[in-house]
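The values are calculated or read from the model by the stated rules, or taken from the named source; none is laboratory data. All values reported here derive from a predicted model rather than from experimental measurement. Cβ coordinates were reconstructed from backbone atoms using ideal geometry, including for glycine residues, and neighbour counts include every protein chain displayed. Keep in mind that these areas ignore ligands, DNA and RNA; they rest on the heavy atoms of the full protein, side chains included. Shrake-Rupley method; radii C 1.70, N 1.55, O 1.52, S 1.80 Å.
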Amino acid sequence: MKLRERLQAWRYNLVPDHLIGEILTKRWTDNAIPFLALIITVATFGSIIPGFFQLYSLQESTRQLGEFSLVVIGLTVVMLGGGIDLAVGSIFALSAFSAVATFFILEQPVWVALLASLATGLAFGAVNGYLIGFLRLRAFITTLVTFIIGRALYDILIVAHGSKIQMSFVSSDTWDFIGDGTFLGISVPIWSAIVLAVVTHVALTRSRPGWHVLAVGGSRRSAHNAGIQVRLTVFFTYVFSGLCSALAGFLIATRLSGAGPGTGGGLEILALTAAVVGGNSLGGGRGSVVKGLMGAIIVLVLTNGLIRLGYGTGTNQMVLGILLAVAVTIDIRWLKNRHKVLNEVYVAPVYLRMGEPQSAVPGSGTPYALNNKLSEAEHIGLGELEGPEDVILDRNDNLYCGTRHGEIIRFFAPDYTRSEVFAHIGGFPLGLAFDADGNLITCVGAMGLYAISPDGKVTRLSAETARSWTSVNDDARLRDPNDLDIAQDGKIYFTDSTKRYDAHDWALDSIENRGTGRLLVYDPADGSTKTLLDGYRYTNGVCMAHDNKSLFFSESWRCRIHRYWLEGPKAGTAECVIKDMPGYTDNINRASDGTYWMAWLGMRTPSFDLSLRHPSMRKRMTRRLPQDEWLFPNINTGGVVKFDENFNIVRTMADLSGVSHPMVTSMREHKGELFIGGILNNRIGRFRIEGADPTWDANTAYWGTRT
Amino acid sequence: MGGSAGVFLRNLNQERIVLVVALAVFVAAMVGLPGFLTAGNLIAIVRSIAVLGILAFGMSVVIIGRGIDLSMVAVMAMSVAWYLQLLGDGMPDYQAFALVLGGVLAIGLVNGFLVAYADVPAIFVTLASGSFVFGYVRSQLISSDAVPVPDGHWVELLGGLRFLGVPVEVYLFLALAALVFVFLRFTVWGRYVYYAGDNPVAARNIGIPVRPMLLLRYALSAVTAFLAGLLTAASLHSINTRVVNSTLLYDIVLVAVIGGIGLSGGKGGVRNVLVGAALIGILLNAMTIIDIPLLYQNLIKSTILLAAIIVDGLLNPRDEQTAQQGDI
């Protein structure tokens, strides 16, 4: 048993399972499969075909690659916009014909031939764009038909004028250079493909029109509702694709100095396969130029390789058919099941053996023994509030709390029956604190650290910290800012509970139990945020010690309280001061008698403690059971404890009836009374503390008296 | 709105328009083209559209169920080519036939499976499978582009059969029309095709086996293609696999769409195919009599198809609410 448990501990604490899930959340993993396919294809054919990597061979095949890439880039943009363009083959052929006809028959200069090509592509693309964008026809069938029309036109033209082109004696150095020459050792088609790829990539990722294309492809209706001109955007994707194919057609015209019946034949299925094999999604919105280029290289190397290896007629079609079917199926299945896979692997629990706690059973005689004291609390805002995680009072005795609806509510002294929305933030305000100037500082779940001036103006102080070097998940973002307190020099110390889950998924974080909680500091002097400590299991409450030389913070899932030294010989280090509490620790606040109040959001249970020693069981649980049957920390009974400077437990209170304050996440002492909040509660409790100083208030204790 | 003109306009749909156009073209050709209205030419028209019409029946059943089968021509040509190749290699007839029929069914089922169970859009599945079927059979199973029918084989005899002076494929076409009509109109599964095509999600919710039915439809269209291929080989005494690269596929879609079978599914029936086939048959025949070159015929046909698709798009606009992501 012992050995088995130790093996489990090693298995789950040393193997970084969580990285798989974190890597899968990255969008670049979409590129991994095509990239692997690219490496395998190039390596295979490179080793089978003699002379594959020789300069001349490369230069010849890269000319073709350049032209093909141009076509694929155009198709990729159309696909990103949620459409498809099968007419590329016809546009390509017709543009090539325009170029050679202008150059050889009409005997015009090269730039006119280029313009003729582009005009052909523009016109053809505009027709496609009009039909699909404005008339909203089905892209696939429509471009298939325009492809046939284009092909029929091309066949007629090439039969009528093919011989004239062949007999022409026109020649031009520019024409020959484009078709034959190299610049810096790289051919013109490759240069054009590189330039177009870079420009398109930048446009898609960093410009408004590019974002519009992606938005339309991602969700047409949302894009329309957001005010994007959907039809015009779709129209322009086809025009762009037409221009790309036209440029490619011009290049092949210069390379072959002619156009034959086979020009552009089968290009539509080649380009389509390339775009899909590269990983561009059919529905639109997902994909990139790089994916298109990877697909182009894979498909071209494969088809050319098969030809050079001497496989007969039809082999290419067979391979393309398989490739297209497999790539489309993978794309659809992956898109559909990605989040399922992610859910399966993301939760990666670790092993923890919790220390044996002192009993909290009522009447057990320990300092932790729960009683029914809190059920005597009066209620404030019953039924009006949802989720007052933290509560705080200002110098005029008004009471503030955050709510689930993203607001900060102010209750007016002295009876707290009247209330108003003090500020609307939009995220769930958790921890609250007043600074020296009376600004209310709050940690907003999933958003960051915000300040609200006395007249209700909201300013963001911080939403990110420095990213750590080894992180896979972006840990610069504040994922779950939870509680804060303010030092005498104005620095704001606050906690960010987890790096792996959003605030509402706190239960998953507790089940995983991985230490990713942080303590951070925000310096108002220069606006910087720094990470002080990392690797705690759900850092939660923060409170400055009475002497301001250190601060306390709680670690919820380990039921511990730590002290972080701000000055003195241990400055910058942390030590655990109370461990193995019987409840999950939450906010900490000062008490009037030089001690500290601390909330328990819930009491530990032997069953969950046991499950922490069985990570494999918890992993199975999250995979196979519906969420409401999961075992996670008890939140039905919490309480309030009071500890002194020597970390003795002075007092423990709870509501055993479970009616008023089943879970407690915060409490604030003010003028002899204790105000109690709970993140899942529907009220604030008001509890008279016998023997407490009826004049003490925290604002004075922190910032001195003021008018 | 009053009188018979109002009633006429209200009842005007694509099928009737096309019927009127077909009749008008017929009358025009009758008057303007010498030799059009001879028994021989009329039989030639019916004969030319028999194979096209049979293919269009297979395609229509798939389209009514909100799908499309772009692999039909590849299956048609390649299955028969393989069959004839096997016969030429000396395999017993029943064995070769069973093998090829099995292969055809397999392709249909794979198409249906990928569409039904992998949720891949039909248009991609069948484009890919068409390419695969052509490539695989051409590169692995047969040795040349055209495969002849062995002398004295029943396929050859089939091509020569006449009944009352009309080639046998015309009767086959009419028989198939009756069969498909009965299937779509009077059988439960036939009605299911319409329900699934009209609203797949609702059909599934009321308990129709939508996915197995998809398999059935693609298998049906593959078998229809095989039959059409046999008839083609019967009349030409060989099969040329280059037909895969021709515009035949688009002619099939043209017949279905121009007759009024909406690409968005759930609409149309046998009558629409008959009307569409009649119009296309008369047009092709007239163009041949006028001696329009084949290249121009292709241009004209594809332009008509585009017009038909535009009209179809205007009459049956895509429903943005139920159109699925990736349904392009």
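Okay, here's what the table says:
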| read-out | value |
| --- | --- |
| For region A:23-39, 3J(HN,Hα) per residue [Karplus equation, 6.51 cos²θ - 1.76 cosθ + 1.60, θ = phi - 60°, Hz, x = Gly/Pro] | 5, 5, 6, 6, 6, 5, 5, 4, 7, 5, 5, x, 5, 4, 4, 4, 4 |
| Average partner coverage of A:263-271, which counts Cβ from other chains inside 10 Å | 1 |
| Cross-link table A:Lys530/A:Lys570; A:Lys373/A:Lys579; A:Lys291/B:Lys301, entries beyond 27 Å C-alpha to C-alpha | A:Lys291/B:Lys301 |
| Dipole axis of region B:39-315 (+1 Lys, Arg; -1 Asp, Glu on Cβ), positive-most option in B:Leu236, B:Ile282, B:Asn272 | B:Asn272 |
| Amide H partners (placed H, <5 Å) of A:Leu430, local residues excluded | A:Cys443, A:Val444, A:Gly445 |
| Region A:508-666 pair-distance distribution - Cα-Cα, 10 Å bins, rounded % | 10, 35, 33, 17, 4, 0 |
| Order by protection proxy (mean Cβ within 10 Å, highest first), peptides B:135-146, A:617-628 | B:135-146, A:617-628 |
| Signed unit charges on C-beta, dipole axis of the protein assembly as shown, positive-most listed residue A:Ile588, A:Phe240, A:Val444 | A:Phe240 |
| Radius 12 Å from Cβ of A:Arg4, net charge of other residues (Lys, Arg +1; Asp, Glu -1) | +3 |
| In Hz, Karplus ³J(HN,Hα) per residue of region A:259-265 (6.51, -1.76, 1.60; θ = phi - 60°; x = Gly, Pro) | 9, x, x, x, 4, x, x |
| Dipole of the protein assembly as shown [Lys/Arg +1, Asp/Glu -1 at C-beta], most positive-end residue of A:Phe68, A:Thr652, B:Phe183 | B:Phe183 |
| Radius 12 Å from Cβ of A:Ile252, net charge of other residues (Lys, Arg +1; Asp, Glu -1) | +1 |
| Among A:455-464, B:275-284, the order from most to least packed when residues are scored by Cβ within 10 Å on average | B:275-284, A:455-464 |
| 222 nm mean residue ellipticity, helices alone, for the protein assembly as shown (DSSP H n ≥ 4; -39,500 (n - 2.57); rounded to 500) | -17000 deg cm²/dmol |
| Proximal aspartates and glutamates relative to A:Lys2, as straight alpha-carbon distance under 18 Å, when same-chain residues fewer than 8 apart are discounted | A:Glu356, A:Asp609 |
| Dipole moment magnitude, nearest 20 debye, region A:172-284 about Cα centre, only Lys, Arg, Asp, Glu C-beta charged | 700 |
| 5 Å-binned pair-distance histogram of region B:50-163 (Cα, whole percent) | 2, 11, 18, 21, 19, 14, 9, 4, 1, 0 |
| Net dipole in debye of the protein assembly as shown [+1 Lys, Arg Cβ; -1 Asp, Glu Cβ; about Cα centre; nearest 20] | 1740 |
| Per residue Cα convex hull volume in Å³ - calculated over region A:1-52 | 117 |
| Placed amide H near A:Trp696: partners under 5 Å, 5+ positions off or other chain | A:Lys671, A:Gly672 |
| When the convex hull of its Cα atoms is projected in every direction, mean area for region A:578-707 (nm²) | 10.2 |
| Normalised per residue, the volume of the convex hull around the Cα set of chain B (Å³) | 161 |
| Long-range amide H partners of A:Ser550 with built H, under 5 Å | A:Ala545, A:Leu566 |
| Residue among B:Ile68, B:Ile45, B:Ile300 with the largest mean-square fluctuation in a Gaussian network model of chain B, springs linking Cα atoms under 10 Å | B:Ile300 |
| Top of B:Thr224, B:Thr247, B:Thr38 by mean-square fluctuation, Gaussian network on chain B, Cα under 10 Å | B:Thr38 |
| Accessible heavy-atom area order of A:Thr329, A:Thr237, highest first, probe of 1.4 Å | A:Thr329, A:Thr237 |
| Shielding by partners - mean other protein chain Cβ count within 10 Å, residues of A:278-287 | 2 |
| Partners for B:Lys267 among aspartates and glutamates (Cα-Cα distance below 20 Å; same-chain residues under 8 apart left out) | B:Glu15, B:Asp69, B:Asp198, B:Asp251, B:Asp312, B:Asp319, B:Glu320, B:Asp327 |
| Surface per residue (accessible, 1.4 Å probe) for region A:316-435, Å² | 44 |
| Cβ-based net charge around B:Leu99, under 12 Å, with every Lys or Arg adding one and every Asp or Glu removing one | -2 |
| For residues of A:325-333, the mean tally of beta carbons on other chains within 10 Å | 5 |
| Cα pair count fraction exceeding 46 Å, expressed as % - the protein assembly as shown | 48 |
| Lys, Arg +1 and Asp, Glu -1 on Cβ, resulting dipole of region A:401-463 about Cα centre, debye, nearest 20 | 180 |
| In sequence order, calculated HN-Hα J values of region A:74-86 (Karplus, 6.51, -1.76, 1.60; Hz; x Gly/Pro) | x, 5, 4, 4, 4, 5, 4, x, x, x, 7, 10, 8 |
